[in-house]
Amino acid sequence: MPTAQPIRFQPATSTALLRQLLEQRTPGHSLEAPFYLDPSVFQADMALIFERHWIFVAVAPQVAEPGDYITVDVGHNSILIVRDDDMGIQAFHNVCRHRGSKLCEAHQGSLGNIVCPYHQWTYDLEGRLIHADHMGETFLKEQHQLRRVHLRNVEGLLFICLADEPPADFDEVAARMKPYLAPHRLNEAKVAAQVDIIERGNWKLTMENNRECYHCVGNHPELTISLYEHGFGYQPGPQNEEGLARFEQIVEDSHAKWEAMGLPSARLEELDSRVSGFRTQRLPLDRAGQSQTMDTQVACTKLLADFGDAALGGLSFWTQPNSWHHFMSDHVVSFSVIPISAERTLVRTTWCVHKDAVEGVDYTVENLTKVWNATNDQDRRLVELTQAGVASPAYRPGPYSPFTEGLVEAFCVWYVDRLRAGVASLG
Amino acid sequence: MPTAQPIRFQPATSTALLRQLLEQRTPGHSLEAPFYLDPSVFQADMALIFERHWIFVAVAPQVAEPGDYITVDVGHNSILIVRDDDMGIQAFHNVCRHRGSKLCEAHQGSLGNIVCPYHQWTYDLEGRLIHADHMGETFLKEQHQLRRVHLRNVEGLLFICLADEPPADFDEVAARMKPYLAPHRLNEAKVAAQVDIIERGNWKLTMENNRECYHCVGNHPELTISLYEHGFGYQPGPQNEEGLARFEQIVEDSHAKWEAMGLPSARLEELDSRVSGFRTQRLPLDRAGQSQTMDTQVACTKLLADFGDAALGGLSFWTQPNSWHHFMSDHVVSFSVIPISAERTLVRTTWCVHKDAVEGVDYTVENLTKVWNATNDQDRRLVELTQAGVASPAYRPGPYSPFTEGLVEAFCVWYVDRLRAGVASLG
Amino acid sequence: MPTAQPIRFQPATSTALLRQLLEQRTPGHSLEAPFYLDPSVFQADMALIFERHWIFVAVAPQVAEPGDYITVDVGHNSILIVRDDDMGIQAFHNVCRHRGSKLCEAHQGSLGNIVCPYHQWTYDLEGRLIHADHMGETFLKEQHQLRRVHLRNVEGLLFICLADEPPADFDEVAARMKPYLAPHRLNEAKVAAQVDIIERGNWKLTMENNRECYHCVGNHPELTISLYEHGFGYQPGPQNEEGLARFEQIVEDSHAKWEAMGLPSARLEELDSRVSGFRTQRLPLDRAGQSQTMDTQVACTKLLADFGDAALGGLSFWTQPNSWHHFMSDHVVSFSVIPISAERTLVRTTWCVHKDAVEGVDYTVENLTKVWNATNDQDRRLVELTQAGVASPAYRPGPYSPFTEGLVEAFCVWYVDRLRAGVASLG
Ligand code: FES
Ligand code: FES
Ligand code: FES
Ligand SMILES: [Fe+3]
Ligand SMILES: [Fe+3]
Ligand SMILES: [Fe+3]
């Protein structure tokens, strides 16, 4: 049998640079340039962050029926996620145990068994090898099952972990989030739209951009119709004390109402204090206060679950290292960030509505997706400008605003901590 | 004078990884991932395999007349192959001895002398510098001849070797193959079609794909009209004993007939037992048994040579590291595999027919090329799926079928042996 | 505060190879292949040549009015060059001091203040940070000014230096060139045309190509209408003694006339004898002798300055490492060479005429640019053929002609010297 440990990530060369960079990090400042540029840091990000933590990759409605499957790529990993005959959701490496052919080429589809296109080795939906020609009588099928990937369905949000032993604290995160998310019944929703964009920037610039609204007023005319910037990590300071106080009052009033309706709303903030870092809060929306749309009214008149009130604000849920979500009364919008290379990142946005809602009657894709398609494109430009800037030898880490960029700092602290832990584990 | 040894392939960094990988190879299993992915392994493949062994690059009819030339690229080497005035075939590095300009830009053409486009240094068809302006009276033209590349014309198949001292056993291979190949008179044929495809996969996946027919039944509807899968390294096993026995009987009967016609047919199998590894056998074709076409009848009604019988099966000839050929009564189809990068490979297919055959009368290019164009495209997909799969960190070398993948193993054994020898020679 | 020295160019790995290559250089021969191919040599070229010497990047008429700006890229540096309100010209790194966003996206434009697109930090035209929201009361704006780039306007030619301490001898070069250049009044001209081409070759091949006219007769039918090849570093030798003597006589006669008109014409030749290497000479043109055009007549009937005579030949000015210029009576044509990668180079050509000249009346862009557009394309092909050739493992440095390639050798001597000095400074 071949060795269990393939020859891959070579710590020797990379960790010297990494250790130096990690030691050199200045709190409260953007990261040193190699974090955004260096291919060996990128390799470390993939090996130590994305292959060791819980990564948000899809929503359960993407695999609604038995045999439905999707494939998602995380780095060079291709993951096959499939609904089995018992309505469970399984995740496997999409790689044949014979000579390694990719099994499923398409991004989504439906199948009975999993048949390799090369020599037709056949696996069932639980990953068991059930057929292989010409392998002889001593060949042991049970030693050639598909390699399994850990998966958790958190109220309709699918997280995978590529590590042999995933971070254990995720179950606690799932348990704490359950009462917040469950009322929106994402598991029973349907996907109304999904859009992929590729940003020519490092994934951490995409995440940092997501973790502040300092840039919103100057860049997001569509989003700021419904969004109060203050919900995104703002601290009282000379310039925003008054606005923030007003906003806090609105939050307090809204929360009282929502909690009374059985919708947990209070902020949970553990972005940098645990391995599976996350943050949540139900936030009021401006004007009609219903949804992140151009008129702040619901985009889908058939509400999720059996909500009687459309003005539920937005339950936001942020996770480290790669996702954020807004659960509203009428739809859920989810964002998955997947690094492609040191300087290229996939942002996948998925909009879900009630599974019985009818396109053209209850909602239009155009109206449902307008705000975030515009916003994503604006953020893409900002990420790309920053990627271009940090690539300059003249770039030096600059100071985060202590009043508006606290969650960016939380992201960086989490990232640097996790990378330090990862590097330490390499010995 | 500049040093003879330029600064190139740096053994220090690469050989540590290489040695480890070569020691780690598990017999009977596909190779570890870095063999298909790692740029430094690719560099070693080029330096130690492709620049040290005999490589099939073209057929003699491509340079039919004096002054006819072609250029072929092997890695960063551009090779100029030219028919000289004495009807010999010469091969040179296509690089000017002045400041290094590429001499001939086109893939093929015809010329009198070889004139550098930059400052017009002029070489004759034997590579001698015969003119150079402004170099003064002490300049020695004879020290600036074109650098020669070893070339052998094996009955119309052109092999080159980029090493200073090519493997000596190739003359023996040529001698043993001569009686098999000569009757088809490829030297006197003409090129009817040539098609290049680029596969997004490592060249070894292309070669491994060629060395088994385990995948044929599930993937090659056109090819399997004429082809018995059993001729491609099958061993008797639980699932194919009966079919194989039937096939062996057909082979025996056919060989008796063909040998009586003066066509050597018996298998020669030295794929992993010599430096210039090869294999040959005349194999029966199914149904009409004449040619690898959609109806198994000849594609060209004007037969090669003066064959009286069209049903000569196919004389197959496989060489390490990069070619295979099928010589039939009516045409010869040759395949040359040239690595482009660790993850990209050129497959060049050349079809030759009798030089007096007339397109539209004796044959059509459409019919002549249909089976292998389809088959190449199917194999390209399989290679690309496997490249995608082995790129996954989840890939582990899997077991070859002992009954159908013996020649794949022979390829890997040869490759690993030759690479070990190459690495050892670096000291 | 973050460290002043970011983690970048890693001398350890690269300098071993570099030192070996620099020691190995054979005088009078083209460079070893890695100088044209190796990414680590390219990094050294950028860090030690392009980021430490005076680089020609633009002409003053590109930023004619206060607020006019251009951006130019040198490696990963984006440089913002702007005309300030006092008619000075400033150069800054085009990188925000907050989180590093690129400030100006366009190649040219006009602005009042410099406003970052991300969070609207605002800088004045002298680079001072004058506005930054949400940074609090202890934040020091004066510590976050734009990082300045050294700039010299040499009679309308803009040179920048990215080093903290630029080579001091440049002021002397500027002083010596002033009487040669000033009469053409480039500062008061306007840009009539600018064309960028990308050559798939190393920048040094572009420069070497510029530094000899050995290739002109065989490649430049348009340019050689007006150009005597002999002015470009020719030495008397067996094949050109006579032609050169005739040319020297023409030069002598012309210089007498031009010097009498107040136009310094004598050759200054310091290409390899100083850090800021340069060469200049006013050279006669053939036939009508007025301009580098298809008919050798002026391309613009409104002459630069108030020249009374159109037949002023061409004042050529070459600088190390990256420019050359021809100042004629009617127009100035300037060339800026900027490396993009080891195998890709930008050549930017700029034609300037009198600022009151009218397109269609006094000149046409077609006629003005025809000779050099054709010539650039011919040179691009030669550079690309040479890049392809030196990439061959068969390439060996070849001998420069001692009679026609003296300035190529001067370029190589300068380059190798400067790189040696750079490597030495790394310790
Ligand atoms: S690679 Fe999957 S069956 Fe062979
Ligand atoms: S490079 Fe061939 S003649 Fe100069
Ligand atoms: S990056 Fe320029 S203002 Fe934030
Ligand atoms: Fe945004
Ligand atoms: Fe095949
Ligand atoms: Fe030229």
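Numbers at a glance
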read-out	value
Hits in segment A:88-117 - residues which are near ligand 1 (Cβ under 7 Å from one of its atoms) and polar (S, T, N, Q)	A:SER101
Unmet criterion (only one of (1) at pLDDT below 95; (2) over 19 Å from C:ALA394 (Cα atoms); (3) not in a helix (DSSP H, G or I)) for B:ARG8	(2)
Pick from segment B:393-416, criterion within 7 Å of chain A (Cβ to nearest Cβ) and of a type in the set (A, V, I, L, M, F, W, C), ranking: most open to solvent (accessible area, probe 1.4 Å)	B:PHE403
Lone unmet requirement of (1) closer than 16 Å to C:ALA342 by Cα; (2) open to solvent by less than 10 Å² (accessible area, probe 1.4 Å); (3) in a helix (DSSP H, G or I) for C:GLU384	(2)
Flag for B:MET177 being surrounded by fewer than 16 Cβ atoms within 10 Å (Cβ to Cβ) and more than 20 Å from B:ARG52 (Cα to Cα)	no
Segment C:342-391, residues that are at the interface with another protein chain (Cβ under 7 Å from one of its Cβ atoms) and touching a residue at least 12 places away in the same chain (Cβ under 8 Å)	C:LEU382, C:THR386, C:VAL390, C:ALA391
Qualifying residue in segment A:231-238 (condition: open to solvent by 10 Å² or more (accessible area, probe 1.4 Å) and touching a strand residue (DSSP E or B) at 6+ places or on another chain (Cβ under 7 Å))	no
Leading residue by the ranking (farthest from ligand 3 (Cβ to nearest atom)) among those in segment B:129-140 that are surrounded by fewer than 16 Cβ atoms within 10 Å (Cβ to Cβ) and not aromatic (Phe, Trp, Tyr)	B:GLU137
Hits in segment C:229-258 - residues which are of a type in the set (Asp, Glu) and closer than 30 Å to C:ALA168 by Cβ	none
So B:GLU252, is it surrounded by fewer than 21 Cβ atoms within 10 Å (Cβ to Cβ), closer than 30 Å to B:LEU419 by Cα, modelled with pLDDT of 95 or more and not aliphatic (A, V, I, L, M)	no
Segment A:55-73, residues that are open to solvent by 10 Å² or more (accessible area, probe 1.4 Å) and part of a loop (DSSP other than H, G, I, E, B)	A:ALA64, A:GLU65, A:PRO66
Tally, over segment B:222-270, of residues that are part of a loop (DSSP other than H, G, I, E, B) and within 14 Å of chain A (Cβ to nearest Cβ)	9
Filter pass, A:LEU151 being within 16 Å of ligand 1 (Cβ to nearest atom) and either in contact with a Gly (Cβ under 8 Å, 6 or more places away or on another chain) or more than 13 Å from every other protein chain (Cβ to nearest Cβ) (or both)	no
Tally, over segment C:25-50, of residues that are over 21 Å from B:GLY136 (Cβ atoms) and either in a helix (DSSP H, G or I) or more than 9 Å from every other protein chain (Cβ to nearest Cβ) (or both)	17
Only one of A:TYR228, A:TYR234, A:TYR214 that is in contact with a His (Cβ under 6 Å, 6 or more places away or on another chain), among the hydroxyl-bearing types (Ser, Thr, Tyr) and touching a residue at least 12 places away in the same chain (Cβ under 8 Å)	A:TYR214
Filtered residues of segment C:349-380 (kept if open to solvent by 50 Å² or more (accessible area, probe 1.4 Å) and within 16 Å of ligand 6 (Cβ to nearest atom))	C:LYS370, C:ASN373, C:ASP377, C:ARG380
Unmet requirement for B:ALA168, which otherwise passes all of (1) more than 16 Å from ligand 1 (Cβ to nearest atom); (2) open to solvent by 10 Å² or more (accessible area, probe 1.4 Å); (3) closer than 30 Å to B:LEU244 by Cβ	(3)
Conditions (1) under 30 Å from B:PRO399 (Cα atoms); (2) at pLDDT below 90; (3) open to solvent by less than 30 Å² (accessible area, probe 1.4 Å); (4) not charged (D, E, K, R): number failed by A:SER40	(1)
C:GLN143 within 14 Å of chain A (Cβ to nearest Cβ), loosely packed, with under 14 Cβ neighbours inside 10 Å and at pLDDT 95 or above	yes
Subset tally (residues that are basic (Lys, Arg) and open to solvent by less than 20 Å² (accessible area, probe 1.4 Å)) for segment B:262-288	2
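Listed here are the residues, each with its yes/no results for (1) out of contact with any helix residue (DSSP H, G or I) (no Cβ under 9 Å at 6 or more places or on another chain); (2) open to solvent by 10 Å² or more (accessible area, probe 1.4 Å); (3) within 16 Å of ligand 4 (Cβ to nearest atom); (4) within 9 Å of another protein chain (Cβ to nearest Cβ).
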| position | (1), (2), (3), (4) |
| --- | --- |
| B:GLY75 | no, yes, no, yes |
| B:ILE81 | no, no, no, no |
| B:ILE89 | no, yes, no, no |
| B:CYS96 | no, no, no, yes |
| B:LYS102 | no, yes, no, yes |
| B:GLU105 | no, yes, no, yes |
| B:LEU111 | yes, yes, no, no |
| B:PRO117 | no, yes, no, yes |
| B:GLY127 | yes, no, no, no |
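The values are calculated or read from the model by the stated rules, or taken from the named source; none is laboratory data. Just so we're clear, the structure is a prediction, and the values are computed from it rather than from any experiment. All Cβ positions, even for glycine, are placed from backbone atoms using ideal geometry, and neighbour counts span all protein chains on display. We work out accessible area using only protein heavy atoms, side chains counted, and drop any ligands, DNA or RNA first. Shrake-Rupley method; radii C 1.70, N 1.55, O 1.52, S 1.80 Å.
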